[in-house]
Amino acid sequence: MSLSVLWSKQFLLSKKMLWLLFICNLLGTIYGYEWYWGQMVDTIADDPIWYVYFVPDSPTASLFFTIAVGYLLLDAYSKRPVSKIAQAFRAFVEAFALITSFKYGIWAVTMIWWGALQGVPVEWDGWMLTMSHLAMAVEALLFVRWFSFRIPAIVLVAIWTFSNDFMDYERGVFPRLPQELHPYLDTIQFFTVSLSIIGIWIAATCVFLRRKKEVERVKVTS
């Protein structure tokens with residue numbers, strides 16, 4: 001089997017692959033919220049309760065990608081007309097899934113191995129988190145071809161993403177890091193915001209390329 005088949009539409013949008021991705025991401029989301037549970041409880045106890053929404057970064061990204069895959073599954077079984085509100089919500093989910101899955105997938109892997117360079121041991125769970133977060137970034141980039149978001153959805157997600165960065169590093173609700181990385185918090189903050197910008201740029205570029213293809217298709221058919 002050719003490697004190109006592995007990222008083909010026929011393979012990736014097959015019902016078996018979509019169900020596999022849906023289940024794996026759902027299980028990963030559940031595990032992620034469990035992993036953040038202690039920090040979420042402490043945040044609720046020590047800070048305004050609404051701070052907790054900005055704590056579980058990776059599982060929230062995974063949750064939205066799971067929902068985005070769910071939409072693709074619905075398409076695979078039946079394409080029914082939906083309202084403009086439903087379309088707008090789906091667009092927001094897809095933009096959120098792309099930007100945050102790419103961002104926190106890369107972020108988590110970088111933090112694990114940056115910590116390793118500082119002497120933090122990487123055990124089995126570190127390897128597991130490395131593979132799962134790399135998968136988050138890769139799958140988002142693979143499936144963006146079939147997402148339907150436009151610029152308004154990207155703007156809304158950008159507002160959330162930068163707000164999350166502000167809450168993480170100005171209000172101290174960033175994911176718990178080993179003490180060895182705390183001297184580098186300013187650099188980590190810069191890296192995190194940079195990933196936000198790159199993720200938003202990727203999403204906007206995808207919209208631009210999609211529109212370009214649509215224009216070319218119209219020219220060919222006219």
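The values are calculated or read from the model by the stated rules, or taken from the named source; none is laboratory data. Please read all numbers here as calculations on a predicted model, not as lab measurements. For neighbour counting, all protein chains shown are included, and Cβ atoms are generated from backbone atoms with ideal geometry for every residue, glycine included. Heavy atoms of the whole protein, side chains included, go into the accessibility calculation; ligands, DNA and RNA do not. Shrake-Rupley method; radii C 1.70, N 1.55, O 1.52, S 1.80 Å.
Table for the structure above
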{"read-out": "In region 97-126, the residues that are small (Gly, Ala, Ser), over 22 Å from residue 140 (Cβ atoms) and touching a residue at least 24 places away in the same chain (Cβ under 8 Å)", "value": "115, 119"}
{"read-out": "Region 15-30: number of residues that are free of Cβ contacts under 8 Å to residues at least 60 places away in the same chain and within 12 Å of residue 76 (Cβ to Cβ)", "value": "5"}
{"read-out": "Among residues of region 154-178, those that are of a type in the set (D, E, K, R) and open to solvent by 60 Å² or more (accessible area, probe 1.4 Å), counted", "value": "3"}
{"read-out": "Answer from 188, 197 - the residue that is open to solvent by 80 Å² or more (accessible area, probe 1.4 Å), under 19 Å from the mean Cα position of the chain (by Cα), over 13 Å from residue 94 (Cα atoms) and not charged (D, E, K, R)", "value": "197"}
{"read-out": "Every residue from region 66-94 that is of a type in the set (A, V, I, L, M) and closer than 23 Å to residue 23 by Cβ", "value": "67, 68, 69, 72, 73, 74, 76, 93"}
{"read-out": "Residues satisfying the stated conditions in region 18-73, i.e. hydrophobic (A, V, I, L, M, F, W, C), closer than 17 Å to residue 168 by Cβ, open to solvent by less than 70 Å² (accessible area, probe 1.4 Å) and more than 17 Å from the chain's Cα centre (by Cα)", "value": "40, 52"}
{"read-out": "Sole residue being part of a loop (DSSP other than H, G, I, E, B) and touching an Asp or Glu at 6+ places or on another chain (Cβ under 6 Å), chosen from 173, 120, 193", "value": "120"}
{"read-out": "Those residues of region 76-96 which are charged (D, E, K, R) and in contact (Cβ under 8 Å) with a residue 24 or more places away in the chain, in sequence order", "value": "90, 94"}
{"read-out": "Any hit, region 70-91, residues being under 30 Å from residue 50 (Cβ atoms) and outside any helix (DSSP H, G or I)", "value": "yes"}
{"read-out": "In region 120-132, the residues that are open to solvent by less than 20 Å² (accessible area, probe 1.4 Å) and either of a type outside the set (S, T, N, Q) or closer than 14 Å to residue 21 by Cβ (or both)", "value": "126"}
{"read-out": "Residue in region 146-153 that is closer than 15 Å to residue 103 by Cβ and surrounded by fewer than 18 Cβ atoms within 10 Å (Cβ to Cβ) present", "value": "no"}
{"read-out": "Test: residue 142 is among the aliphatic types (A, V, I, L, M), in contact (Cβ under 8 Å) with a residue 60 or more places away in the chain, over 29 Å from residue 186 (Cβ atoms) and open to solvent by 50 Å² or more (accessible area, probe 1.4 Å)", "value": "yes"}
